[in-house]
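Derivation of every value follows stated rules applied to the coordinates shown; laboratory data play no part. Because the structure is predicted, anything quoted here is derived from the model rather than measured. Virtual Cβ from ideal backbone geometry, glycine too; neighbours counted across all protein chains shown.
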Amino acid sequence: MSEDPYADLGVARTASQDEIKKAYKTIAKESHPDLNPGDAGAEARFKAAASAYDLLKDPEKRARFDAGEIDASGQEQPERRFYREYAEGPEATYHTSRGYEDFGNYSDIFADLFGQRARQSGSRQGGFDPRGFRQGAGGQEAHFEMRGPDERYALEVSFLEAAKGATKRITLPTGATLDVKIPEGLADGQTIRLRGKGGAGFGGGPAGDALVLVHVEPHATFRREGEDIHVELPIGLDEAVLGARIEIPTIDGRVALRIPKGATTGQVMRLRGRGIKKGATHGDQLVTLKIVAPPEVDPGLEEFFRRWRETHAYDPRKGVF
C-alpha cells in the first residue's frame with residue numbers, strides 16, 4: 001500500500017464516488033488472489049486497492065484524508081490532531097516550542113493523547129499526582145501508556161462462506177498469519193473487529209485492534225436480500241402445464257420443490273427456513289419460476305399447439321395492457 005489511496009486505485013483526486021467504486025471493482029476482478037495464485041504482485045495490488053477503497057468510499061474519511069488529518073491507513077496524524085484540537089483553546093500559547101514553565105497545564109492533553117491512562121513509575125517514596133505524573137524522591141518522572149493503532153485489512157469470502165460461516169486466514173504485512181472467524185450470516189461490507197490484533201501499544205499500553213472489512217463475492221445461483229435468498233428456476237413447457245417435482249439447490253443442499261399445474265413465469269414459490277440464519281431465526285428461500293421454451297420446436301409440437309390454439313385460444317395479456 002502506498003501513501004496515496006488515489007494512486008492505488010488509479011483515479012484522480014477529483015474522482016466521483018462512482019468512479020472510485022468502479023476502479024476498485026476492476027482491480028479486484030483482475031488481481032484477486034484466487035484468480036492469480038502465486039502472483040505476489042497481483043495480491044499486493046488487490047490489498048492496496050481494498051485498503052484504498054475502504055478509506056475513500058467513506059465521504060467523511062475521504063475529506064479528512066484530503067485535508068491531511070489522517071493518513072492512507074485511516075490513522076490520525078498526531079501533529080495535526082494536536083493543533084486542531086488544542087491550538088484554538090484557552091491553552092493555545094502552549095503549542096509553541098518555548099519553555100515548559102507551565103507544563104502542568106498539559107496534563108489533561110496528555111491524558112487524552114495517551115489513552116487517558118497514566119501509570120506510576122519511579123521511587124516508592126514518591127507520591128502520585130492525579131494529573132498523571134509520578135513524583136519520585138529525586139524529582140518528577142512521567143510514564144504514559146498509549147493504546148496501539150488499529151490496523152485495517154480487506155478480505156473476500158464466497159457467498160456460501162458468508163452465509164454458513166467459515167474461518168479464513170489472512171497474511172499480515174509482517175508475513176505473520178491471522179485466522180479470521182466469519183460468523184454465520186455475515187453481510188457484504190461488514191467489518192469484523194479482532195481485539196488486540198492490531199499495532200503494538202506504547203509504553204506498555206494494550207495493542208490496537210485488527211479491523212477486517214469483508215467483501216462477499218456474488219454467487220451464480222443465489223442472491224441475498226436481507227435474510228432471504230432468491231433463486232430463479234427455469235422450467236419447461238410440460239412442467240409448467242402438468243406440474244412437476246424438481247430438485248433445486250439451497251445453501252444447505254438440494255431439496256425437492258413441487259411445481260403446481262398451470263405454473264407461470266414470475267410465480268414465486270417459498271421455501272420457509274431455507275434462507276440466512278440470524279440468531280435463532282432463519283430467512284426463507286424465494287424461488288421465481290421462469291418458463292423456458294425448448295431450444296427447437298419440432299413439427300409434432302408445432303402441429304399440436306396449432307390444433308390446441310384453434311379450440312383453446314386465450315389472451316394472456318387480458319387485463320394487463
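For VAL320 and GLU3, what does the FRET efficiency come to when R0 = 45 Å and r is the distance between their Cβ atoms, rounded to the nearest 0.05? Calculated value: 0.15. A Förster radius of 41 Å combined with the Cβ-Cβ distance from ALA187 to LEU301 puts the calculated FRET efficiency at roughly 0.35.
Between ALA244 and ASN36, the simple spin-label model (points 7 angstrom out along Cα→Cβ) gives 4.3 nm. Dipole size of segment 223-312 about its Cα centre, with +1 on Lys/Arg Cβ and -1 on Asp/Glu Cβ: approximately 480 debye, rounded to the nearest 20. Once the chain from VAL292 to GLU310 is taken as fully extended at 0.36 nm per residue, the excess over their C-alpha distance is 4.2 nm. Taking 0.36 nm per residue of separation and subtracting the Cα-Cα distance, full extension of the segment from GLU69 to ARG223 would add 51.5 nm.
FRET efficiency for the ALA15 to ASP179 pair, using the beta carbon distance and R₀ = 30 Å, is estimated at 0.30. Taking a ≥ b ≥ c as the square roots of the eigenvalues of the alpha carbon gyration tensor, segment 1-75 is prolate, as a/c is not under 1.5 and a/b beats b/c.
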